1. Would you confirm, using the coordinates I've provided, whether B:Ala269 is touching a residue at least 60 places away in the same chain (Cβ under 8 Å) and outside the structural domain of B:Met25 (by TED's automatic domain parsing)?
2. For B:Leu81, state whether it is more than 15 Å from B:Ser125 (Cα to Cα) and more than 8 Å from chain A (Cβ to nearest Cβ).
3. Any residue that is farther than 16 Å from A:Gly286 by Cβ, within 14 Å of chain B (Cβ to nearest Cβ), surrounded by 17 or more Cβ atoms within 10 Å (Cβ to Cβ) and over 25 Å from the mean Cα position of the chain (by Cα) - is there at least one of those in the stretch A:155-166?
4. Quick one: is B:Tyr174 within 29 Å of B:His319 (Cβ to Cβ) and among the aromatic types (Phe, Trp, Tyr)?
5. Take the stretch A:340-357 and flag every residue that is touching a Phe, Trp or Tyr at 6+ places or on another chain (Cβ under 7 Å) and within 16 Å of A:Ile290 (Cβ to Cβ).
6. Quickly run through the stretch B:330-361 and pick out the residues that are away from every other protein chain (no Cβ under 14 Å), in contact (Cβ under 8 Å) with a residue 12 or more places away in the chain and part of a loop (DSSP other than H, G, I, E, B).
7. Looking only at residues in the stretch B:299-329 that are surrounded by 15 or more Cβ atoms within 10 Å (Cβ to Cβ) and in a loop (DSSP other than H, G, I, E, B), which one is modelled with the lowest pLDDT?
Amino acid sequence: MVRLEKRANPSRLWSVATPVLAVVLTMIAGGILFAMLGKDPVAAIRTIFWDPLFNPQFAAYSRPQLLVKAGPLILIAIGLALGFRAGVWNIGAEGQYVVGALVGAATGLALYPMDSRLIFPLMVVAGGLGGLLWAMIPALLRTMFRTNEILVSLLLVYVAQSLLASMALGALRNPQGGGFPGSRNLSQWASSANPELVAGTGMHWGVVAAFISVIGAYVLLQRHMLGFSIRLAGQAPRAARFAGVSPTRLVIVCFGISGALAGLAGLFEVTGPAGQISLDFAQGYGFTAIIVAFLGRLNPVGILLAGLLMALTYIGGELAQFMLGLPAAAIQAFQGMLLFFLLAVDILTNYRIRWTKREAA
Amino acid sequence: MKRRVLLATAAALMALPAASFAQGMDKVKACFIYVGPVGDGGWTYQHDQGRQALAAEFGDRVDATTYQESVPEGADSERVLTQMALSGCNIVFATSFGYMDAVNNVAAKFPNVKFEHATGYRRDSANVSTYDARFYEGRAVTGTIAGMMTQSDKIGYIGSFPIPENIQGINAAYLAAKKVNPDVTMSIVWAYSWFDPAKEADAARALIEQGVDVVLQHTDSTAPLAEAAKTEGVIGFGQASDMAEFKPSPRVASIIDNWAPYYIERVGALLDGTYEQKATWAGIAGGEVEIGEITDVVPADVKAKAEEVRDAIAAGELHPFTGPLNKQDGTEWLAEGETPDDADLAGMNFYVEGITGQIPQ
């Protein structure tokens with residue numbers, strides 16, 4: 001007989017081992033999926049996980065691209081993880097990402113074509129503020145009217161996407177764009193550009209910000225009173241209240257940090273890799289970051305690794321699509337499996353499996 | 001990416017084909033990047049049909065097995081195009097308007113790879129060509145059917161994005177309908193997507209609830225036809241592809257994009273060494289735009305009229321935009337007997353007189 005027994009404390013070993021196990025299980029199940037599609041499963045898995053890093057034909061290009069893709073994921077996931085740890089559910093990072101990009105881009109475009117080194121820093125501040133203020137809507141509604149922050153933050157994503165469309169077609173549209181939607185190219189205007197800092201590394205300010213946020217979150221959680229409050233509120237809400245942690249303040253702080261980081265990610269993306277506010281600007285980083293946060297066990301270092309792994313499945317997934325002719329949907333299913341298996345094997349962290357003999361009655 | 005390394009890699013990869021360009025090539029690797037899934041039943045499906053026709057035409061001399069579907073317009077498309085160039089593609093067909101910046105950026109880095117951009121207008125470097133089809137000619141035919149078939153005198157148009165290609169289609173369809181039915185009015189709904197079955201179905205439903213009984217679409221899925229099928233007496237048209245599964249009604253005719261001749265011509269030119277940069281814009285006469293079978297739901301006189309319009313356009317006797325025509329605000333656009341030139345058409349950003357509503361700004 002197999003029985004699940006709740007552990008007194010979550011297993012440290014399993015909390016590290018489950019993400020690895022989930023990746024391995026995803027590879028196996030994904031391999032079966034690819035085989036059923038008539039593709040060589042070993043070649044497919046190798047193309048996804050190995051080729052972007054080590055294939056001599058691609059690696060020089062795709063390795064830096066990993067950072068470009070992982071940067072926003074990590075930046076957003078770090079902010080989300082703080083909230084998730086405290087039991088504050090910000091599901092709307094995608095909207096905060098979009099609004100941050102819009103506010104930041106609008107700030108820069110208002111000064112076009114001025115030539116100043118102060119414009120980019122100003123845009124960074126505006127981007128962070130934009131994301132923060134957008135996140136304040138669900139936070140304040142929750143604290144003042146006890147609305148559900150999951151629903152409000154999620155639905156505000158759709159509002160943000162409509163706002164994006166209207167801005168790309170209207171106020172922020174490039175007046176010299178021949179009537180086509182989309183803003184001026186911010187990455188080609190020296191004052192607003194967020195270029196590669198060291199050639200050939202993919203490192204732009206957004207990636208730098210992501211690394212800083214990892215360190216910042218680590219220090220915050222380990223050494224700072226706020227970090228303690230966050231952890232306490234998540235693990236023992238009642239105890240937190242007795243310890244003087246204000247739930248209202250915590251909701252506002254968590255939404256504020258995650259909103260600002262998502263807004264920054266949007267700003268760095270729109271001034272760098274994406275280059276412009278366009279109808280397709282929102283590519284789901286805010287949602288994927290939720291997977292990254294959980295895959296990284298809500299731990300800053302874990303999120304760093306999870307972000308890189310997620311980026312690898314994107315870049316490798318693209319390679320597998322056109323090298324092996326795998327359908328795009330199969331790659332998406334493969335990425336989805338990762339979260340599925342993670343949640344499934346997560347049970348091992350909190351429960352242990354007991355093999356018991358059936359006892360004679 | 002270190003520009004020099006990239007160029008060196010590219011040069012090394014391309015050295016052989018580059019040297020033999022003038023005399024043609026023994027084997028061409030043609031690659032395709034699609035904005036939707038190959039199974040969308042419309043736009044991307046037709047491009048993929050063209051790819052398959054290309055493969056069938058040249059057999060072993062052309063490797064046309066490499067394609068990637070559902071690539072978002074923006075930063076991701078630039079990465080996919082770069083990886084395709086690195087993987088040894090000789091010619092890359094980028095089949096969506098929004099790839100324009102990405103195509104021109106990547107083309108500048110890979111001078112020996114040919115890039116063909118569908119529906120674009122920028123050819124920044126010598127290795128970028130553009131190709132498009134005069135879809136508005138087809139709209140004049142379906143608009144004629146719409147004007148004669150509508151019982152409520154209300155026809156609807158589902159636009160994808162308010163860019164000139166859509167505006168041309170809206171104006172052409174409206175003018176053709178108005179010519180055969182002076183009482184006709186047209187409602188326009190924007191989906192802000194090329195392919196989004198849910199949004200397209202919503203748009204069709206909204207139109208039908210307003211009393212529209214003929215739905216024209218500029219989006220790529222069959223969802224609007226599926227929606228039309230739910231209401232007795234509502235008809236629509238296949239878009240980009242024949243969408244024959246909705247015959248004989250609600251699909252009463254269709255505008256089919258036929259890319260195969262162009263793909264065969266261009267790759268053939270690359271094989272025999274006659275390839276040159278160019279901008280192609282062919283229509284019904286060139287076979288790029290076809291009118292699918294007009295079903296028996298359409299009365300014989302309507303069918304005859306539609307075919308007359310089609311044949312007159314093919315013969316060059318009729319231009320869908322022939323003066324006297326006024327813009328929506330009443331100012332003159334074309335004088336008696338005048339027709340617009342291609343630059344005028346390509347930048348069209350106004351409705352003609354009689355259409356109500358505003359182009360989203």
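1. When the stated conditions are applied, B:Ala269 does not pass them.
2. When the stated conditions are applied, B:Leu81 passes them.
3. The answer is no; no qualifying residue exists.
4. yes
5. Matches in the stretch A:340-357: A:Leu342 only.
6. Within the stretch B:330-361, B:Gly330, B:Ala335, B:Glu336, B:Gly337, B:Glu338, B:Thr339, B:Pro340, B:Glu353, B:Gly354, B:Ile355, B:Thr356, B:Gly357 qualify.
7. Once the filter is applied, the top-ranked residue is B:Gly323.
So that you can scan it fast, the table gives a plain yes or no per residue for (1) outside the structural domain of B:Ile167 (by TED's automatic domain parsing); (2) touching a strand residue (DSSP E or B) at 6+ places or on another chain (Cβ under 6 Å); (3) under 17 Å from B:Gly159 (Cα atoms):
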| position | (1), (2), (3) |
| --- | --- |
| B:Ala315 | no, no, no |
| B:Gly323 | no, yes, no |
| B:Lys327 | no, yes, no |
| B:Gly330 | no, no, no |
| B:Leu334 | no, yes, no |
| B:Thr339 | no, no, no |
| B:Tyr351 | yes, no, yes |
| B:Gly354 | yes, no, no |
| B:Gly357 | yes, yes, yes |
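The values are calculated or read from the model by the stated rules, or taken from the named source; none is laboratory data. What you are looking at is a predicted structure, and each value in this text was computed from that prediction instead of being measured. A quick note on method: Cβ atoms are made from the backbone with ideal geometry, for glycine too, and the neighbour counts reach across all protein chains shown.
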